[in-house]
1. So the check is Cβ under 9 Å with 6+ separation or different chains; which pairs have a first residue in the stretch 47-60 that's touching a residue at least 24 places away in the same chain (Cβ under 8 Å) and closer than 17 Å to G85 by Cβ and a second one that's among the acidic types (D, E) and open to solvent by 10 Å² or more (accessible area, probe 1.4 Å)?
2. Working only within the stretch 27-37, note down all residues that are surrounded by 14 or more Cβ atoms within 10 Å (Cβ to Cβ) and outside any loop (DSSP other than H, G, I, E, B).
3. Here are N46, N13, N7: which of them is of a type in the set (S, T, N, Q), surrounded by fewer than 21 Cβ atoms within 10 Å (Cβ to Cβ), at pLDDT 95 or above and in contact with a strand residue (DSSP E or B) (Cβ under 6 Å, 6 or more places away or on another chain)?
4. Of H166, H146, which residue is in contact with a His (Cβ under 8 Å, 6 or more places away or on another chain) and modelled with pLDDT of 95 or more?
5. Determine the pairs where a residue that is surrounded by fewer than 18 Cβ atoms within 10 Å (Cβ to Cβ) and assigned to a loop (DSSP other than H, G, I, E, B), located within the stretch 217-245, has a partner that is at pLDDT 95 or above and among the charged types (D, E, K, R) with Cβ atoms under 8 Å apart, the partner being 6 or more residues away or on another chain.
6. Yes or no: the stretch 206-214 includes at least one residue that is assigned to a helix (DSSP H, G or I), open to solvent by less than 50 Å² (accessible area, probe 1.4 Å) and either at pLDDT below 95 or of a type in the set (D, E, K, R) (or both).
7. Considering (1) touching a Ser or Thr at 6+ places or on another chain (Cβ under 7 Å); (2) open to solvent by less than 10 Å² (accessible area, probe 1.4 Å); (3) in a strand (DSSP E or B), say which one L179 fails and leave the rest.
8. Look through the stretch 104-150, keep the residues that are more than 27 Å from R221 (Cβ to Cβ) and touching a strand residue (DSSP E or B) at 6+ places or on another chain (Cβ under 8 Å), and return whichever of them is surrounded by the most Cβ atoms within 10 Å (Cβ to Cβ).
Amino acid sequence: MKKNAGNQTITINNIAVPPGKHAMIDLPISPLYTRTPINMPIHVVNGAKPGPCLFITSAIHGDELNGVEIIRRLLKLKLLNHLSGTLIAIPIVNIFGFIYRSRYLPDRRDLNRSFPGSKTGSMAARVADLLLEEVVSKCTHGIDLHTGAVHRSNWPQVRANLNDPHTCKLANAFGTPVLINGLHLPGSLRGAAVDRGIPTLLYEAGEALRLDEFAIHVGVRGVLNVMRELKMLKAKENAEPALRPVIAEASQWVRANEAGLFIDPMPLGEKVKEGDTLCVIANPITGEEQPITSPVAGIIIGVNHLPLVNEGEALFHIVTFKSYKSLNKVNKDLKAFEYEFLQDSDLLLSL
């Protein structure tokens, strides 16, 4: 892990942000073919006191919107006036995809499979290289915000290399009931950051092209929890004991065994036993129905919302645990999580 970078002047795109200042910097990237300039907006909140330097990125996939709103709400909080260290927040990394409501860049490449990139490669490679050199390389920690794909929702979850004690501590602090231990995907931002010695969390919640209030709320609170764990913010007084997440042992997708109408699916966050009926695939012509059952006991953390499915299409993402005790704990925590949110949607005011 790198040394603390707080209480120093941070320079991005040759613009210096001294300690105690907040600036928004436009980082130029490839213009449109009309010669219209395109910039990646970067917020730098440089605290007066020393501390870690945390990057938070969103919309690496341009259609993933929850993270954009998480960062917007985060930057409005007065807590940041007392920041120790530096926060670098990029609400929209993939500006091109955001404009066109697309996951991808104009070259049809996935930016989150293009790291570390290069200065002379594809558009995706160049954007990846620019982000790494101008932002990530100057940080000590990172959080990358994502959602599910189009027509797929994810239950709030944190993915990280939990074999690393420091990363595991931060993932636990974030505060989602479920943690998924996993190495990074090749070409991902998280992988490139970790390769540079920067512990990085990936937060997944909600669905592409949708704003999900629950996912946003959990995300803002989780980011603040991590910042408190890093001593960038003061701990809350009289805070209740934090939720102790459970690490999932494994996960798998349940797929459609035939095409048809996707009927009556079980919801996100539901506990299932092996053999439970998850949904029905109905033939729209003959009216025949084929139940889809769960091959494992676990919790549903991802679900397809499209009512028309093809054979082999992913329907449910289920995480499993080492014991029924762990499964029951997660199920109980999930219900408490939902209840807390429904009871008070203004909980962030107390943060």
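The values are calculated or read from the model by the stated rules, or taken from the named source; none is laboratory data. Bear in mind the structure is a predicted one, so any value in this text is a computation, not a measurement. Cβ placement follows ideal geometry from the backbone for every residue including glycine, while neighbour counts extend to all protein chains displayed. Each accessible area value is taken on the protein alone, full model and side chains, heavy atoms only, with ligands, DNA and RNA left out. Shrake-Rupley method; radii C 1.70, N 1.55, O 1.52, S 1.80 Å.
1. As it stands, the answer is none, since no pair meets every condition given.
2. L27, I29
3. N13
4. Criteria check complete, one pass: H146.
5. Sorted first by the residue in the stretch 217-245, then by its partner, the pairs are K234/R228; A235/R228; K236/R228.
6. yes
7. It is condition (1) that L179 fails.
8. So, considering only residues that are more than 27 Å from R221 (Cβ to Cβ) and touching a strand residue (DSSP E or B) at 6+ places or on another chain (Cβ under 8 Å), the one surrounded by the most Cβ atoms within 10 Å (Cβ to Cβ) is V127.
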